[in-house]
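Just below is one structure, and these are the notes that go with it.
Each value in this text was obtained by applying a stated rule to the coordinates, not by laboratory testing. None of these values were measured; they are calculated from a predicted model. Counting neighbours? That spans all protein chains shown, and the Cβs are built from the backbone with ideal geometry, glycine included.
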There are 2 protein chains.
Amino acid sequence: MMPRWKPDAAGRLTKAAITLFEQQGYEATTVAEIAEAAGLTKRTFFRYFADKREVLFMGSEELQDLWVSSIRAAPDRAGAMEAIESALDAVAQLFAERHPFARVRARIIAANPELQERELIKLAKLADAAAGALRDRGVADRAATLAGQTGVAVFHDAFARWVQQEDPDVMRALMDGSLAELRAVVMEGRGRAARPKASALRRA
Amino acid sequence: MMPRWKPDAAGRLTKAAITLFEQQGYEATTVAEIAEAAGLTKRTFFRYFADKREVLFMGSEELQDLWVSSIRAAPDRAGAMEAIESALDAVAQLFAERHPFARVRARIIAANPELQERELIKLAKLADAAAGALRDRGVADRAATLAGQTGVAVFHDAFARWVQQEDPDVMRALMDGSLAELRAVVMEGRGRAARPKASALRRA
């Protein structure tokens, strides 16, 4: 797990970048300024990041790996949503340490359409990766796709609420709330009798 | 509703573009070739499309408008998912006429990562627009967000199956199948007693 700011070059560059993005805007900030603020060279910057955008997305791979490994590590008897929930547990733990960074990052992304698009693509890849990990566990194709989408929708909704408040430790509770709401929404107006039968699913 | 190929300039350009994309690949095809194949000038092309990519995405706005207007037009007493389902009805009708175009388009997009990203962004915007239309109906913020995400996940899953088979009229049935599967996945292992209560949702 990554400490908030490592005393290493990547950590210093990240901290400098985030500070400058907040102070003077993402668009207006150059790689040269980031490197200077971190007391490092541009060349060092480019050893860690392809461009300034990557500073904001360096955690994406780690996040995806955590989703996939958590789904893989779920007990054999766990169903698709149980495996997704074990990934949500792990992700909530990872993020608790990143709250200050995540809050600033969310503000920067909200102000920049290009970064928003990149964020959407990251989330879509996360859903695909989760679905792939579920398929590897033997979950049927369609169920895996929809469980992956659902898991990421819950994560995204909870994340958006989490960065807007002060307590870093509530993410898992926010996820529970999102998942409960999702269940209520899709089952709205349905009694037990209206729940789909396996035979009906196979026909479609 | 748009006929498969209008005898107008935009329709001729679209048909020419799709044919060339299939024959020689999307990357290798130029706007000049598209215009020539349609018997038109490059200038005419640019009156309709900003670039060749736009040929594949010209229906996005119409699709989003249809989602929003269908959700708005749902009966007052309809809940969030009922309103989403009325949008799915309308979308299935719209697409039935577009099956040949949609199938070719899906193959082109599947072969091109940049187009896939654009497609993902289109879908994310669709989910946001649907959520916005639900909020306008008085649906609570979180329920609206999750219903929009769910609706688009169902649409996307059904769409991917629909372009892989021959019968243009099965899209609504495929959507029903996806929605039933989604319900089964999120309610997996839950009896009636385990369904979330409104009081629990308000706490979260």
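Annotations for the structure displayed:
- A point 7 Å from Cα along Cα→Cβ stands in for A:GLY11, and the other copies hold the same point at 6.4 nm, listed in rising order.
- The protein assembly as shown - charge dipole about Cα centre, Lys and Arg +1 at Cβ, Asp and Glu -1, debye rounded to 20: 620 debye
- Checked against a 24 Å cut-off, the cross-linked pairs A:LYS15/B:LYS122; A:LYS122/B:LYS15; A:LYS125/B:LYS122 give Cα-Cα distances beyond that limit for A:LYS15/B:LYS122; A:LYS122/B:LYS15.
- Ignoring aspartates and glutamates fewer than eight residues from A:LYS52 along the same chain, the ones with Cα atoms less than 15 angstrom from its Cα are A:GLU22, A:GLU27, A:GLU33, A:GLU36, A:GLU114, A:GLU119.
- Relative to the longest principal axis of the Cα atoms of chain A, the long axis of helix A:113-136 lies at roughly 40 degrees.
- Charging the Cβ of each Asp and Glu at -1 and of each Lys and Arg at +1, and nothing else, the dipole of region A:36-91 about its Cα centre rounds to 400 debye.
- When only the Cβ of Lys, Arg, Asp and Glu is charged (+1, +1, -1, -1), the dipole of region A:9-54 relative to its Cα centre reaches about 240 debye.
- Exposed loop positions in chain B were taken to be trypsin sites (Lys or Arg not before Pro) whose DSSP state is not H, G, I, E or B and which have at most 14 other beta-carbon atoms within 10 angstrom. Between these positions, the longest stretch is B:78-189.
- Label geometry 7 Å along the beta-carbon vector: B:ALA111 inter-copy distances in nm: 4.3
- Ascending count of other beta-carbon atoms within 10 Å, so fewest first, for A:PHE57, B:PHE21, A:PHE159: A:PHE57, A:PHE159, B:PHE21
- Of the residues A:ALA73, A:ALA102, A:GLY132, the one whose Cα sits farthest toward the positive end of the charge dipole of region A:59-187, with +1 on the Cβ of Lys and Arg and -1 on the Cβ of Asp and Glu, is A:GLY132.
- At 7 Å out from Cα toward Cβ: B:ASP167 inter-copy label distances (nm, ascending): 5.3
- Folded to 0 to 90 degrees: helix B:171-187 orientation relative to chain B principal axis, Cα: 40 degrees
- Whole-number percent relative contact order across chain A, with pairs defined as alpha carbons under 8 Å at least 6 apart: 18 percent
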